[in-house]
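The values are calculated or read from the model by the stated rules, or taken from the named source; none is laboratory data. Model, not experiment: these values are computed from the prediction. With ideal geometry, Cβ positions are generated from the backbone for all residues, glycine too; neighbour counts draw on all protein chains shown. We work out accessible area using only protein heavy atoms, side chains counted, and drop any ligands, DNA or RNA first. Shrake-Rupley method; radii C 1.70, N 1.55, O 1.52, S 1.80 Å.
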Amino acid sequence: MSIGKRLAAEFFGTFWLVFGGCGSAVLAAAFPELGIGFTGVALAFGLTVLTMAYAVGGISGGHFNPAVTIGLFAGGRFGARDILPYVIAQVLGGIAAAGVLYLIASGKPGFDAAAGFASNGFGEHSPGGYSMQAALIAEIVLTAFFVMIILGSIHGRAPKGFAPISIGLALTLIHLISIPVTNTSVNPARSTGVALFQGSWAISQLWLFWLAPLIGGVIGGGLHRALFERD
């Protein structure tokens with residue numbers, strides 16, 4: 001498959017992840033009286049990955065996340081020369097999705113992106129008031145396990161055709177665990193898109209939501225390669 005088609009798949013896959021996941025948080029999580037809450041948002045993120053992995057995973061591999069791209073490289077499943085183009089496509093997809101979401105959300109009177117806009121944060125900007133240290137640990141550990149699950153699910157020993165399901169459910173579980181801690185990133189592209197439209201504290205804290213997932217991705221990929229790949 002050509003690099004152009006693979007990058008387009010990553011762009012649209014990441015767009016859907018950010019639009020679907022963050023859109024559920026911004027538009028539906030606290031909808032008057034019948035909002036979907038944390039559980040609904042967690043499920044929405046999982047469904048975005050599941051659906052787009054089936055839709056375009058066969059074209060690009062279905063990363064939709066710079067930390068996954070780095071993790072697959074660390075796990076020996078992705079070439080170094082395509083890392084930067086993939087990451088750029090993912091970040092652009094995340095920004096485009098956040099832009100469309102902003103246009104929709106701003107159609108409601110009283111909307112203010114500065115209030116949060118599904119951005120990730122720690123300290124006073126953590127949904128549960130968790131510290132920077134707690135956020136860093138959570139994002140590293142959860143991203144590492146996410147990458148390990150991905151590598152295990154796409155391995156030749158795994159049952160064929162079920163990888164998107166296990167990966168989508170893993171992302172749902174990750175959100176169920178960590179929405180109160182950081183609003184859940186494990187994905188720098190997801191964090192970047194909404195932070196740019198939030199425009200203040202989310203940008204100043206964005207460094208953690210690049211650093212921690214990338215570290216976690218390397219750890220997860222490296223551990224899977226060291227422990228579970230055949231010599």
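Quick notes
- Checklist (1) surrounded by 24 or more Cβ atoms within 10 Å (Cβ to Cβ); (2) of a type outside the set (Asp, Glu); (3) in contact with a helix residue (DSSP H, G or I) (Cβ under 7 Å, 6 or more places away or on another chain) applied to ASN183, failing item: (3)
- Residues of the range 5-43 classified as of a type in the set (Asp, Glu) and either within 19 Å of GLY94 (Cβ to Cβ) or buried (at least 18 other Cβ atoms within 10 Å of the Cβ) (or both), total: 1
- Residue count for the range 83-116 under the criterion of being surrounded by 12 or more Cβ atoms within 10 Å (Cβ to Cβ) and within 19 Å of the chain's Cα centre (by Cα): the result is 20.
- For the range 117-128, the set of residues classified as surrounded by 13 or more Cβ atoms within 10 Å (Cβ to Cβ), farther than 12 Å from VAL194 by Cβ and not aromatic (Phe, Trp, Tyr) consists of GLY123, HIS125, SER126, PRO127, listed by residue number.
- Within the range 194-231, if we keep just the residues that are aliphatic (A, V, I, L, M) and farther than 19 Å from ASN120 by Cβ, the residue that is most open to solvent (accessible area, probe 1.4 Å) turns out to be LEU227.
Residue-wise test of (1) over 16 Å from PHE45 (Cα atoms); (2) hydrophobic (A, V, I, L, M, F, W, C); (3) in contact (Cβ under 8 Å) with a residue 40 or more places away in the chain.
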residue: TYR130; (1), (2), (3): yes, no, yes
residue: THR143; (1), (2), (3): no, no, yes
residue: LEU169; (1), (2), (3): no, yes, yes
residue: VAL186; (1), (2), (3): no, yes, yes
residue: VAL218; (1), (2), (3): yes, yes, yes
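- Subset of the range 129-155 (residues that are under 18 Å from ALA226 (Cβ atoms), open to solvent by 40 Å² or more (accessible area, probe 1.4 Å) and not in a helix (DSSP H, G or I)): ILE154
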